[in-house]
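The values are calculated or read from the model by the stated rules, or taken from the named source; none is laboratory data. Quick caveat: nothing in here was measured; it's all calculated off a predicted structure. Neighbour counts are summed over all protein chains in view; Cβ atoms, including those assigned to glycine, are modelled from backbone coordinates with ideal geometry. Quick note on the areas: whole protein, heavy atoms, side chains included, nothing else; ligands and nucleic acids left out. Shrake-Rupley method; radii C 1.70, N 1.55, O 1.52, S 1.80 Å.
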Amino acid sequence: MVVTQTLQRACARADIDPGVLATHLNSVLMGNNEAGMFVTWWVGFLELSTGQLTFTNAGHNPPLIRRADGTVERLTNRHGIPLAAMDDVSYKSSQTTLGPGDTLILYTDGVTEAFNTENDMFGDERLYRLVQQTSSETPRQLRDEVIQTVKDFAGEAPQSDDITILCVQYAGLPSVVWRKIELTATPENLSPIMTFVEEERGFELLSAKGRNQLLVCVEEVYTNIVHYACAGQPIIVECCTDPQRRQVRVRFIDHGVPFNPLDHIPPDISLPVEERPIGGLGIFIVRKWVDALLYLRENETNILELAKNI
């Protein structure tokens with residue numbers, strides 16, 4: 001089990017198919033398995049932006065999905081035998097989709113193969129009915145209810161196997177909430193704007209390089225607005241974390257002189273410094289360092305939006 005977990009952590013990547021991962025783990029485990037041990041294994045990759053679950057089951061108990069409306073489904077897909085049971089096994093994968101409020105329940109056979117003093121087994125159907133009839137609202141409550149129900153069923157009978165349960169509830173994507181700060185376009189107000197951007201909840205999810213680049217771009221845009229567009233006039237800065245696009249977005253709104261940076265001809269940086277025309281380098285850096293740049297001119301208002309990928 002320890003070797004399997006270590007290999008999984010070392011080899012799993014966001015861009016790998018779980019079936020490919022299972023095939024690789026099986027091959028490695030078979031190469032160092034003189035004791036002839038095997039392990040049942042289930043893995044799923046959940047795409048948070050869509051709820052899509054891609055999974056592979058190597059001889060493990062079929063997980064359950066309790067939908068938000070109370071219906072229960074079994075993920076009966078089996079993609080191969082347990083890992084390290086046989087060499088040269090190729091595993092596939094399947095997909096399903098979780099909606100907001102759906103709960104995925106994973107468990108070991110110590111749950112369904114628990115026996116009572118009468119030698120009756122808890123079984124798959126009891127677990128299914130329990131998940132179907134539960135009034136538990138949170139994954140923690142559901143987990144605790146299953147464990148307590150199994151213990152009550154077993155009574156004084158000794159525990160026959162390990163009891164492990166994992167409950168994962170998909171909450172869906174949080175809504176995009178734009179935060180706003182309104183102030184006067186002066187050099188002194190650069191500092192509160194920078195702080196405002198740094199306090200955005202998605203800012204810490206950026207890499208260190210990405211955070212620095214975004215702050216440089218914010219400073220460059222604001223400085224241009226102060227010097228050339230609307231010095232001393234009101235300006236609005238908005239910021240949000242967009243989970244769907246996986247971006248931190250910063251928006252500048254002012255009523256100053258129209259200027260579309262997307263129409264600006266970038267400087268020829270291959271020329272020696274003394275031969276380049278003055279200006280334009282700041283906009284060039286902004287266009288290079290952000291992942292999306294949008295400009296609109298509506299009702300005599302400039303709207304410039306920067307986005308940096310998380």
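Summing Lys and Arg as +1 and Asp and Glu as -1 over all other residues whose Cβ lies under 15 Å from the Cβ of T76 gives a net charge of 0. Each part reduced to its alpha carbon centroid, the range 21-76 and the range 247-264 end up 47 Å apart.
A simple rule links phi to the HN-Hα coupling: the Karplus curve 6.51 cos²θ - 1.76 cosθ + 1.60 with θ = phi - 60°, which for the range 282-288 gives x, 5, 4, 5, 4, 5, 7 Hz, with x for Gly and Pro.
Sorting I105, I285, I16 by accessible area puts them as I285, I16, I105; the probe is 1.4 Å, largest comes first, and only protein heavy atoms count. Select from G172, G36, G110 the residue whose mean-square fluctuation is largest in a Gaussian network model of the chain (Cα-Cα springs shorter than 10 Å). Taking springs between Cα atoms under 10 Å, the residue moving most is G36. A probe of 1.4 angstrom, applied to the heavy atoms of all protein chains, finds W178 with accessible area near 80 square angstrom. In the chain, a dipole from Cβ-located charges (positive for Lys and Arg, negative for Asp and Glu) runs towards its positive end, and of S191, M121, L166 it is S191 whose Cα lies farthest in that direction. 3J(HN,Hα) couplings calculated from phi for the range 122-137 with the Karplus curve 6.51 cos²θ - 1.76 cosθ + 1.60 (θ = phi - 60°) are, in sequence order, 4, x, 5, 5, 4, 5, 4, 5, 4, 5, 6, 9, 4, 9, 4, 9 Hz; Gly and Pro show x. Close Lys pairs in the chain, defined as Cα atoms under 20 Å apart and 8 or more places apart or on different chains, number 4. For the range 148-160, 3J(HN,Hα) computed residue by residue from phi via the Karplus equation (6.51, -1.76, 1.60; θ = phi - 60°) reads 5, 5, 5, 5, 5, 5, 5, x, 8, 5, x, 5, 8 Hz, glycine and proline entered as x. Ordering M30, M1 by accessible surface, largest first, gives M1, M30; the 1.4 Å probe counts only protein heavy atoms, with every chain in place. Taking other residues whose beta carbon is less than 9 angstrom from the beta carbon of T56, and scoring Lys, Arg as +1 and Asp, Glu as -1, yields 0. Estimated at the nearest 10 Å², the accessible area of R211 is 60 Å² with a 1.4 Å probe.
Between A114 and F122, G123, the built amide H atoms are under 5 Å apart, and every one of these is 5 or more places off in sequence or on another chain.
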